[in-house]
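The next block holds one structure in the form of structure tokens; read it before the comments.
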Amino acid sequence: MSILTKRSLHPRLLRSSLQGFCRLLSMEPAEEAKKSAAYAAVDNHVKTNQKLGIGSGSTIVYAVQRLAQRVQDEKLDVVCVPTSFQARQLIIDNSLVLSDLERHPQLDVAIDGADEVDKDSNLIKGGGGCLTQEKIVAAAADYFVVIADSRKDSQILGEKWKKGIPIEVIPMAYVSVMNKLKKIDRSPELRMAKSKAGPVVTDNGNFILDWKFTKVPESWAEMNQTIKMIPGVVETGLFINMANKIYFGMPDGSVSTR
Ligand code: 5RP
């Protein structure tokens, strides 16, 4: 509180310190970080007449809120393609124009969160179980923007995200996929639901395996291919060489990019 009593403080500095202080009081630092990253991404990459991919998770909520604000204030004409049931609901709840890849197979920009981002901008995604549609939508976009708080920033994959690589599998194949993965590294876990007995069932009617690898592979691209070749694997949460720009939000509301 000493900043409030210092007479020498410039009024503009005092105002911004107070604003930052109030923001921190009203919002958890991690939420502030997510919001800052999301707002910066929407402000820097969204223009009128664009087709947008909308990711899933908690960070994307801020991006959609900012997008809705800009659409209303600036009369932007944009259509939004969701990556999950949650994203679809977000688009509808924020009165944005909902579309799909059938009508808009080519997107200008996709914005999504991530569970971890390594120094080469490779990602682990799928903490929310939406990895397959997220990857399809990201791959359909000319430009893929990732938004995350700075806790997700790492040197190598697995350094920060300890829950393993999410892998979506066809239900009848889950044991055989687990056995094949166990031969490469240790056995994955079948992701279990929290408020329902039994496994998590994805938006595509599949299961998720979380693979906590012990050995970091020499090439994540090759590892991704190896996993994808296992019969029964639908998609992996490894997003290799896909992200064009990363926005990391900091707890003080500042943003760094990569
Ligand atoms: C969902 C995802 C999310 O983008 C990822 O889990 C990040 O979520 P959050 O923004 O809540 O940290 O991949 O499948």
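The values are calculated or read from the model by the stated rules, or taken from the named source; none is laboratory data. Worth saying up front: this structure is predicted, and the values here are computed from it rather than measured. Using ideal geometry, Cβ is built from the backbone for each residue, glycine included, and neighbour counts are taken over all protein chains shown. Side chains are part of the model used for accessible areas, which takes the heavy atoms of the whole protein and leaves out ligands, DNA and RNA. Shrake-Rupley method; radii C 1.70, N 1.55, O 1.52, S 1.80 Å.
The table that follows gives values for the structure above.
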| item | result |
| --- | --- |
| Unit Cα scatterers, Debye sum, region 165-236: log10 I(q)/I(0) for q = 0.20 Å⁻¹ | -0.79 |
| Cα shape, region 113-258, gyration tensor, a/c 1.5 rule | prolate |
| Gain on full stretching of the segment that runs from Asp77 to Gln225 - 0.36 nm per residue minus C-alpha separation | 49.5 nm |
| Share of carbon and sulfur in the accessible heavy-atom surface of region 165-236 [1.4 Å probe, %] | 56 percent |
| Translational D in µm²/s for the chain (Stokes-Einstein at 25 °C, 0.890 mPa s, Kirkwood Rh from C-alpha pairs) | 126 µm²/s |
| Whole-number accessible area per residue in Å² for region 165-236, which is evaluated in the context of all protein chains at 1.4 Å | 56 Å² |
| Length-normalised contact order for the chain - Cα pairs under 8 Å, 6+ apart - percent | 23 percent |
| Which listed pairs, of Lys194/Lys228; Lys35/Lys196; Lys125/Lys180; Lys47/Lys119; Lys35/Lys215; Lys160/Lys196, have C-alpha distances above 25 Å, in listed order | Lys194/Lys228; Lys35/Lys196; Lys47/Lys119; Lys35/Lys215; Lys160/Lys196 |
| Estimated [θ] at 222 nm from DSSP helical runs (n ≥ 4, -39500 (n - 2.57)) normalised by residues in the chain, nearest 500 | -11000 deg cm²/dmol |
| Segments 237-244, 110-117 sorted - mean Cβ within 10 Å per residue, highest first | 110-117, 237-244 |
| Estimated dipole of region 44-184 in Debye, rounded to 20 [Cβ of Lys and Arg +1, of Asp and Glu -1, Cα centre] | 480 debye |
| Estimated FRET transfer efficiency (Ile184, Glu159; beta-carbon r; R0 22 Å; 0.05) | 0.65 |
| Protection proxy ranking of 247-254, 141-148 - average other beta-carbon atoms within 10 Å, highest first | 141-148, 247-254 |
| Accessible-area order (highest first, 1.4 angstrom probe) of the listed residues Lys215, Lys160 | Lys215, Lys160 |
